[in-house]
Amino acid sequence: TEFGLHTSLDGGEHWQPFMNDYPTVRTDDILVHPRDGDLVAATHGRGVLIADDITALEQFTPSVAARDAYLFRPRETVAYLTDLTRNTYTGDEHAFVGANPPAGPSIAYYLRRRAASDVRIAVADSTGRVVATLAGPRAAGIHKLPWPPRRQGSGGAPRLEPGRYTVTLTVDGTQYMQPLHVLADRWFTAR
(Lines give C-alpha, C1' and ligand atoms only; values in the text may rest on other atoms or scores of the structure.)
Protein backbone atom coordinates (compact mmCIF):
# COMPACT_ATOMS: atom_id res chain seq x y z
CA THR A 1 0.00 0.00 0.00
CA GLU A 2 0.98 3.65 0.09
CA PHE A 3 1.23 3.44 3.89
CA GLY A 4 3.25 0.30 4.64
CA LEU A 5 2.90 -3.45 4.53
CA HIS A 6 -0.12 -5.23 5.99
CA THR A 7 -1.05 -8.88 6.37
CA SER A 8 -4.16 -10.95 6.84
CA LEU A 9 -4.29 -14.34 8.54
CA ASP A 10 -7.94 -14.98 7.67
CA GLY A 11 -8.14 -14.59 3.91
CA GLY A 12 -8.55 -10.81 3.90
CA GLU A 13 -11.33 -10.44 6.49
CA HIS A 14 -9.03 -8.51 8.87
CA TRP A 15 -5.76 -6.71 8.18
CA GLN A 16 -2.94 -5.69 10.51
CA PRO A 17 0.54 -4.16 10.14
CA PHE A 18 3.09 -6.81 9.16
CA MET A 19 5.83 -5.74 11.59
CA ASN A 20 5.76 -3.38 14.55
CA ASP A 21 8.73 -1.36 13.28
CA TYR A 22 7.87 -1.30 9.57
CA PRO A 23 7.90 2.34 8.38
CA THR A 24 4.85 4.17 7.07
CA VAL A 25 6.08 4.21 3.49
CA ARG A 26 4.86 3.12 0.07
CA THR A 27 5.62 -0.56 -0.51
CA ASP A 28 6.04 -1.37 -4.19
CA ASP A 29 6.90 -5.06 -4.24
CA ILE A 30 7.43 -8.03 -1.92
CA LEU A 31 9.10 -11.38 -2.40
CA VAL A 32 9.76 -14.37 -0.16
CA HIS A 33 13.33 -15.50 -0.83
CA PRO A 34 13.03 -19.10 -2.10
CA ARG A 35 16.12 -20.42 -0.31
CA ASP A 36 16.18 -18.49 2.98
CA GLY A 37 12.51 -17.79 3.68
CA ASP A 38 13.22 -14.08 4.22
CA LEU A 39 10.61 -11.52 3.19
CA VAL A 40 12.14 -8.83 0.98
CA ALA A 41 10.15 -5.60 0.57
CA ALA A 42 10.98 -2.87 -1.95
CA THR A 43 9.84 0.54 -0.75
CA HIS A 44 9.68 3.98 -2.26
CA GLY A 45 11.97 6.18 -0.20
CA ARG A 46 13.40 3.67 2.29
CA GLY A 47 15.11 1.21 -0.05
CA VAL A 48 14.89 -2.51 0.61
CA LEU A 49 13.73 -3.92 3.94
CA ILE A 50 14.17 -7.57 4.91
CA ALA A 51 12.20 -9.54 7.51
CA ASP A 52 14.55 -12.41 8.34
CA ASP A 53 13.20 -15.97 8.40
CA ILE A 54 9.42 -15.82 8.12
CA THR A 55 9.11 -19.61 8.00
CA ALA A 56 7.07 -19.48 11.25
CA LEU A 57 4.47 -17.33 9.48
CA GLU A 58 4.39 -19.78 6.57
CA GLN A 59 3.60 -22.57 9.06
CA PHE A 60 0.96 -20.51 10.90
CA THR A 61 -2.31 -22.10 9.76
CA PRO A 62 -5.82 -21.89 11.24
CA SER A 63 -5.24 -25.23 12.99
CA VAL A 64 -2.04 -23.86 14.59
CA ALA A 65 -3.89 -20.69 15.65
CA ALA A 66 -6.53 -22.85 17.38
CA ARG A 67 -3.93 -24.63 19.54
CA ASP A 68 -2.90 -23.42 22.99
CA ALA A 69 0.79 -23.47 21.98
CA TYR A 70 2.88 -24.51 19.01
CA LEU A 71 6.60 -24.88 18.31
CA PHE A 72 7.43 -24.06 14.70
CA ARG A 73 9.93 -26.23 12.84
CA PRO A 74 13.16 -24.19 12.54
CA ARG A 75 14.71 -23.88 9.10
CA GLU A 76 18.05 -25.51 8.42
CA THR A 77 20.91 -23.24 9.27
CA VAL A 78 24.63 -23.12 8.51
CA ALA A 79 27.30 -22.86 11.21
CA TYR A 80 29.21 -20.24 9.22
CA LEU A 81 32.92 -19.87 9.88
CA THR A 82 34.42 -16.39 10.13
CA ASP A 83 37.87 -15.42 8.90
CA LEU A 84 38.52 -11.70 9.12
CA THR A 85 41.52 -11.98 6.79
CA ARG A 86 39.08 -12.74 3.93
CA ASN A 87 36.96 -9.71 4.76
CA THR A 88 36.74 -7.06 2.04
CA TYR A 89 37.68 -3.55 3.20
CA THR A 90 36.36 -0.61 1.20
CA GLY A 91 37.62 2.05 3.58
CA ASP A 92 36.34 5.29 5.05
CA GLU A 93 32.71 6.20 4.44
CA HIS A 94 32.23 3.84 1.50
CA ALA A 95 30.95 0.87 3.47
CA PHE A 96 27.16 0.72 3.63
CA VAL A 97 26.03 -2.14 5.85
CA GLY A 98 22.64 -2.99 7.29
CA ALA A 99 21.97 -4.89 10.49
CA ASN A 100 22.35 -8.63 10.00
CA PRO A 101 20.20 -11.24 11.73
CA PRO A 102 21.75 -13.09 14.67
CA ALA A 103 24.05 -15.95 13.70
CA GLY A 104 22.46 -19.36 14.02
CA PRO A 105 18.87 -20.54 13.89
CA SER A 106 15.82 -18.82 15.27
CA ILE A 107 13.44 -20.77 17.47
CA ALA A 108 9.86 -19.59 17.06
CA TYR A 109 6.76 -20.55 19.00
CA TYR A 110 3.14 -19.47 19.32
CA LEU A 111 0.99 -18.97 22.43
CA ARG A 112 -2.75 -18.47 21.97
CA ARG A 113 -2.98 -16.83 25.41
CA ARG A 114 -0.52 -15.74 28.07
CA ALA A 115 1.26 -18.71 29.68
CA ALA A 116 0.48 -19.31 33.35
CA SER A 117 4.07 -20.33 34.12
CA ASP A 118 7.57 -19.83 32.71
CA VAL A 119 8.18 -20.71 29.07
CA ARG A 120 11.30 -22.85 28.63
CA ILE A 121 13.13 -23.99 25.52
CA ALA A 122 15.73 -26.76 25.65
CA VAL A 123 18.06 -27.69 22.80
CA ALA A 124 19.50 -31.21 22.91
CA ASP A 125 22.19 -32.71 20.70
CA SER A 126 21.87 -36.05 18.89
CA THR A 127 22.81 -37.96 22.07
CA GLY A 128 19.99 -36.31 24.03
CA ARG A 129 22.35 -34.10 26.07
CA VAL A 130 20.84 -30.64 26.67
CA VAL A 131 23.30 -28.10 25.27
CA ALA A 132 21.22 -24.96 25.81
CA THR A 133 18.21 -23.70 27.72
CA LEU A 134 16.38 -20.48 26.95
CA ALA A 135 13.60 -18.58 28.67
CA GLY A 136 10.91 -17.23 26.37
CA PRO A 137 8.23 -14.56 26.73
CA ARG A 138 4.95 -15.65 28.30
CA ALA A 139 2.74 -13.20 26.36
CA ALA A 140 0.27 -14.34 23.71
CA GLY A 141 1.49 -14.24 20.12
CA ILE A 142 4.39 -15.49 18.00
CA HIS A 143 7.83 -15.22 19.59
CA LYS A 144 11.22 -15.75 17.95
CA LEU A 145 14.44 -16.33 19.90
CA PRO A 146 17.98 -16.65 18.50
CA TRP A 147 20.08 -19.67 19.40
CA PRO A 148 22.74 -19.39 20.51
CA PRO A 149 21.82 -16.03 22.06
CA ARG A 150 24.17 -13.09 21.53
CA ARG A 151 26.67 -12.51 24.31
CA GLN A 152 26.02 -9.40 26.39
CA GLY A 153 28.51 -6.62 25.71
CA SER A 154 30.52 -8.24 22.89
CA GLY A 155 27.66 -8.65 20.41
CA GLY A 156 28.96 -12.02 19.22
CA ALA A 157 27.56 -15.46 19.77
CA PRO A 158 29.26 -18.66 20.89
CA ARG A 159 30.33 -21.06 18.14
CA LEU A 160 27.49 -23.20 16.81
CA GLU A 161 28.44 -26.84 16.14
CA PRO A 162 27.06 -28.61 13.06
CA GLY A 163 24.77 -31.55 13.77
CA ARG A 164 21.23 -32.67 14.46
CA TYR A 165 19.42 -31.25 17.46
CA THR A 166 16.00 -31.51 19.07
CA VAL A 167 14.23 -28.38 20.29
CA THR A 168 11.73 -28.82 23.13
CA LEU A 169 9.30 -26.08 24.16
CA THR A 170 7.70 -26.47 27.62
CA VAL A 171 4.59 -24.36 28.30
CA ASP A 172 2.32 -24.89 31.30
CA GLY A 173 3.49 -28.49 31.73
CA THR A 174 3.11 -29.51 28.08
CA GLN A 175 6.08 -30.23 25.81
CA TYR A 176 6.33 -29.59 22.06
CA MET A 177 9.28 -30.90 20.02
CA GLN A 178 10.83 -30.16 16.62
CA PRO A 179 14.06 -31.28 14.90
CA LEU A 180 16.79 -28.77 14.04
CA HIS A 181 19.59 -29.41 11.53
CA VAL A 182 22.76 -27.29 11.63
CA LEU A 183 24.91 -27.72 8.52
CA ALA A 184 28.71 -27.45 8.39
CA ASP A 185 30.10 -24.48 6.45
CA ARG A 186 31.38 -26.41 3.41
CA TRP A 187 31.38 -23.16 1.42
CA PHE A 188 34.03 -21.45 3.60
CA THR A 189 37.01 -22.16 1.36
CA ALA A 190 35.01 -21.32 -1.77
CA ARG A 191 34.37 -17.74 -0.64
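The values are calculated or read from the model by the stated rules, or taken from the named source; none is laboratory data. Predicted model only: the values in this text are computed from it and were never measured. In this analysis, Cβ positions are derived from the backbone assuming ideal geometry, glycine residues included, and neighbour counts consider all displayed protein chains. Just so you know, the surface numbers come from the protein's heavy atoms only, side chains and all, with ligands and any DNA or RNA stripped out. Shrake-Rupley method; radii C 1.70, N 1.55, O 1.52, S 1.80 Å.
Applying a threshold of 9 Å to beta carbon distances and a minimum spacing of six or more residues, or different chains, the list of pairs starting in region 168-191 at a residue that is of a type in the set (D, E) and ending at one that is in a loop (DSSP other than H, G, I, E, B) and open to solvent by 30 Å² or more (accessible area, probe 1.4 Å) reads D172/D68; D172/A116; D172/S117; D185/Y80; D185/L81; D185/P162.
Please verify whether L71 is in contact (Cβ under 8 Å) with a residue 24 or more places away in the chain and either at positive phi or open to solvent by less than 40 Å² (accessible area, probe 1.4 Å) (or both), treating the condition exactly as stated. It is true that L71 is in contact (Cβ under 8 Å) with a residue 24 or more places away in the chain and either at positive phi or open to solvent by less than 40 Å² (accessible area, probe 1.4 Å) (or both). Anything in region 90-132 that is among the β-branched types (V, I, T) and either open to solvent by less than 90 Å² (accessible area, probe 1.4 Å) or at pLDDT below 95 (or both)? List them, or say none. Selection gives T90, V97, I107, V119, I121, V123, V130, V131.
So that you can scan it fast, the table gives a plain yes or no per residue for (1) modelled with pLDDT of 95 or more; (2) crowded, with 17+ Cβ neighbours inside 10 Å; (3) closer than 19 Å to T77 by Cβ:
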site	(1), (2), (3)
L145	no, yes, yes
R151	no, no, yes
R159	no, no, yes
V171	yes, yes, no
Y176	yes, yes, no
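Just to be sure before I move on: is T61 out of contact with any helix residue (DSSP H, G or I) (no Cβ under 8 Å at 6 or more places or on another chain), at pLDDT 85 or above and among the hydroxyl-bearing types (S, T, Y) in the structure I sent? Taking the combined requirement at face value, the residue satisfies it. The set of residues in region 8-60 that are of a type in the set (S, T, N, Q) and open to solvent by 40 Å² or more (accessible area, probe 1.4 Å) comprises Q16, N20, T24, Q59. Cβ separations smaller than 7 Å between residues 6+ apart or across chains give the following pairs from region 121-133 residues that are more than 18 Å from L71 (Cα to Cα) to residues that are part of a strand (DSSP E or B): S126/G163; S126/R164; V131/V123; V131/A124. Can you confirm whether T55 is of a type in the set (S, T, Y), under 26 Å from R186 (Cβ atoms) and at pLDDT 80 or above? Yes: the conditions hold for T55.
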